[in-house]
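Comments concern the structure below.
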Amino acid sequence: MKHKHIAAKIAYLGLLCITIFGACKKDFLDQLPQDRIAPEVFFNTASDIRTYVNAMYETRMPFYIFNTNADNSRLDVGSDILIDGIIVTATLNQASATGIAGAESSGWSTGFQRIRQDNYLFKNAIGKVEKTPAADHFMGEGYFFRAFDYFTMLKLYGDLPIITDLVTDNDVPNLYKPRQSRNEVAKQIIKDLDSAIKKLYWKGQGEAVAGRINKEAAIVFKSRVALFEGTWEYYHGLKNTPFAVAGKDGKEFLALVEPAMQELINYQGTRIYKTGAEPYNRLFAQNDMSTVDGVFWYRAYDGAKLTQSNNFYLKTNDNGPSITDHLVDMYLNKDGSPQNLTTPYNKLNTLSTQLDPRFRQTIYTPDRGPYGKIPGREFGSQNLSYPLPALILSQPGVTSTGYRTFKGVVLNAAEVYKGETDDIFIRYEEGLLSLAEAKAILGTITQADLDKTVNVIRGRFAGTATTIAPMNLATVQGFPSSAYREDLGFTAGAPNIVNEIRRERTIEFALEGYRLDDIKRWAVYDKTINGYVPKGAQLQEFLDYFNTPGALAADGFNTAGVIFPLLNTSGSNANVGAFTGSGRINPYFKSAQFQNATAAGFYINPGRDYLTFVPVSQIQVYKANANVTLTQNPGWN
């Protein structure tokens, strides 16, 4: 049992949660029930605030339950770097979408219910609970969560009503506030994060125990918000998209990143996880993140408690989410230079020795040997045991591109369905790359800045068998323009260093759920998605292995019992396809719009799909109850 599990510290009061967090009516600003536990009875001590905030952790933090197939392997599905097996991602397939807004939106209703929960805390605890260091810390957590909740909604909707008071049904002006500019929403989020940073303890000090929010997490999150809004305003303004903010270029937010991160750098220095031969891979497979340098916010799991354990052991099996060529083609060579993508595509073992070590530590390569023979990976059916994933692309539940996920693989079969591998939400590396990106856009970045950000991250590999050269500003500026394809998320004509830091960010945070937000804030969502036909690894590598007599037997498999020994590539019974010329696997070969490299591919509406719709029911309620116009987002009707 993990003594540090957050759940062991949380006294989750079911009655309180039902009272304060439940029984919400359809209107997102309806009053919370107050007839069971009166706030004047409950909010009296720091412990009361902690109990209230504990419920926020449970609803805001992603939670993967031990006895389901849900895990954190699908976070980048819906972007260009990860597809959902052979299922065409619906959100990226919008060619026939009408743009008719829905009556309801769970993001809107849930978001404002949560903001009301945040405001309930401030209304009833401020000025009442004795101001102690512990109470201050828990209030800091509350400010963090209100910032978190508003940022979640900002990414979905842009402009929003800003509500920071506990609103009653009779307070019509505040109950039906019109949407305010996303610029003002972002400023409110930053204001809450500044309050949080002032109140929170550093990790491991005071009340900032395992799994709880700490000062470091709030600083990195501030850098995330400032970079997101700054780049959104900057790039959408430059391109004059429908999502630009009139009169704003984002630089006021970009300028906030450096002072915030400098405070953290002064405290944290160069301390990130550097343990073992493959530190990047192992970072995501730790059972106790409380001792891991640079991991600031995470969910702690306890394998001894089934309701608090996970099945992360299974996330690296051949279960559907599949890495695409858009990620693989972005990796640099170990000497820090871009790949030559005009030459014949290399096999996985060649890429394993040629590329940035994060490639090999993210994607399983056959030079490791049979997957199921790695100590701790013996669990599973035989088709999960080969050095290469077995491909039947006419059926779901396969690694359809041939790129088997390996990042953070759990090497302990005892964790199947009762895992205690912790789940990282915020880490130091994000803040470092936010600083580098903000300074690159502002045109103030120096080699010293790269050395304290990008090169600290690359430096984790020093002393291991595989390294990557430090980023050198002068060298990067000499890279050819062909290294920055727009379909990979780069901006043509932007300074090389800006694009190169985008590459670094994509590689460092691959499969962690950052990619979709990034390509939207860079205003390249449509450039990256429209016309994209995903590709995989070189099919011949798979044919050579599975169809060569004796190859399976040489790896210790009884070929008579092998489930998928052959790959049928021709005729109506073909179960795998490849693109003519490149020979790369075509995961969607059964679909007409993806059958060749010039097919229609994915499509999103560049004038609509950067934001989702405001629910029509709320627009109607605003007009009927207060004669206030709640505006709709661009492209929706």
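The values are calculated or read from the model by the stated rules, or taken from the named source; none is laboratory data. Here the structure is a predicted model, which is why all the values come from computation and not from measurement. Cβ atoms come from the backbone with ideal geometry, glycine included; neighbour counts cover every protein chain shown. Only protein heavy atoms, including side chains, enter the accessible area calculation; ligands, DNA and RNA are left aside. Shrake-Rupley method; radii C 1.70, N 1.55, O 1.52, S 1.80 Å.
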Here the qualifying pairs (Cβ atoms under 8 Å; residues six or more apart or on different chains; first in region 517-533 and of a type in the set (Phe, Trp, Tyr); second open to solvent by less than 10 Å² (accessible area, probe 1.4 Å) and in a loop (DSSP other than H, G, I, E, B)) come out as Trp522/Gly489; Tyr525/Ile604; Tyr525/Tyr610; Tyr532/Asp80; Tyr532/Gly601; Tyr532/Phe602
Of the residues in region 226-249, those that are under 19 Å from Asp192 (Cα atoms) and either out of contact with any helix residue (DSSP H, G or I) (no Cβ under 9 Å at 6 or more places or on another chain) or surrounded by 24 or more Cβ atoms within 10 Å (Cβ to Cβ) (or both) come to Ala226, Leu227, Glu229, Gly230
For region 392-415 the number of residues that are out of contact with any Ser or Thr (no Cβ under 9 Å at 6 or more places or on another chain), in a loop (DSSP other than H, G, I, E, B) and farther than 20 Å from Phe546 by Cα is 1
If we keep only residues of region 250-268 that are open to solvent by less than 30 Å² (accessible area, probe 1.4 Å) and small (Gly, Ala, Ser), then the residue nearest to Arg182 (Cα to Cα) is Gly250
Filtering region 616-627 for residues that are among the aliphatic types (A, V, I, L, M) and surrounded by fewer than 18 Cβ atoms within 10 Å (Cβ to Cβ) leaves a count of 2
Across region 488-539, the tally of residues that are farther than 30 Å from Val398 by Cβ and out of contact with any helix residue (DSSP H, G or I) (no Cβ under 6 Å at 6 or more places or on another chain) stands at 6
Of the residues in region 364-378 that are assigned to a loop (DSSP other than H, G, I, E, B) and either open to solvent by 50 Å² or more (accessible area, probe 1.4 Å) or of a type in the set (A, V, I, L, M, F, W, C) (or both), the one that is modelled with the lowest pLDDT is Glu378
Residue count, region 590-615, condition open to solvent by 30 Å² or more (accessible area, probe 1.4 Å) and either closer than 21 Å to Gly320 by Cα or over 29 Å from the mean Cα position of the chain (by Cα) (or both), comes to 7
Conditions (1) modelled with pLDDT under 95; (2) within 27 Å of the chain's Cα centre (by Cα); (3) not charged (D, E, K, R) -> Thr168 fails only (2)
Of the residues in region 348-363 that are assigned to a loop (DSSP other than H, G, I, E, B) and not β-branched (Val, Ile, Thr), the one that is surrounded by the most Cβ atoms within 10 Å (Cβ to Cβ) is Asp356
When you look at Asp423, is it buried (at least 17 other Cβ atoms within 10 Å of the Cβ), closer than 30 Å to Thr231 by Cα and of a type in the set (Asp, Glu), yes or no?
yes
Over region 486-502, the set of residues of a type in the set (D, E, K, R) and either open to solvent by less than 10 Å² (accessible area, probe 1.4 Å) or free of Cβ contacts under 8 Å to residues at least 12 places away in the same chain (or both) is Glu500, Arg502
Taking region 116-165 and keeping residues assigned to a loop (DSSP other than H, G, I, E, B) and of a type in the set (Lys, Arg) leaves Lys128, Lys131
Next on the checklist: Take the conditions surrounded by fewer than 21 Cβ atoms within 10 Å (Cβ to Cβ), of a type in the set (A, V, I, L, M) and either without any contact (Cβ under 8 Å) to a residue 24 or more places away in the chain or farther than 16 Å from Gln113 by Cβ (or both) and apply them to Ala186. Does it pass?
Outcome noted: no
Checked Ile126, Ile87, Ile83, Ile100 against criteria (over 30 Å from Pro587 (Cα atoms), in contact (Cβ under 8 Å) with a residue 40 or more places away in the chain and not charged (D, E, K, R)); the one match is Ile100
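Residue by residue, here is whether (1) out of contact with any Leu (no Cβ under 7 Å at 6 or more places or on another chain); (2) modelled with pLDDT of 90 or more; (3) of a type outside the set (Gly, Ala, Ser); (4) surrounded by 19 or more Cβ atoms within 10 Å (Cβ to Cβ) holds:
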{"residue": "Arg60", "(1), (2), (3), (4)": "yes, yes, yes, no"}
{"residue": "Ser79", "(1), (2), (3), (4)": "no, yes, no, yes"}
{"residue": "Ala90", "(1), (2), (3), (4)": "yes, yes, no, no"}
{"residue": "Gly99", "(1), (2), (3), (4)": "yes, yes, no, no"}
If you go through Ala134, Ala147, the only one that is closer than 24 Å to Ala55 by Cβ and open to solvent by less than 10 Å² (accessible area, probe 1.4 Å) is Ala147
Reported set for region 288-324 where residues are of a type outside the set (A, V, I, L, M, F, W, C), in a strand (DSSP E or B) and in contact with a helix residue (DSSP H, G or I) (Cβ under 7 Å, 6 or more places away or on another chain) is Tyr298
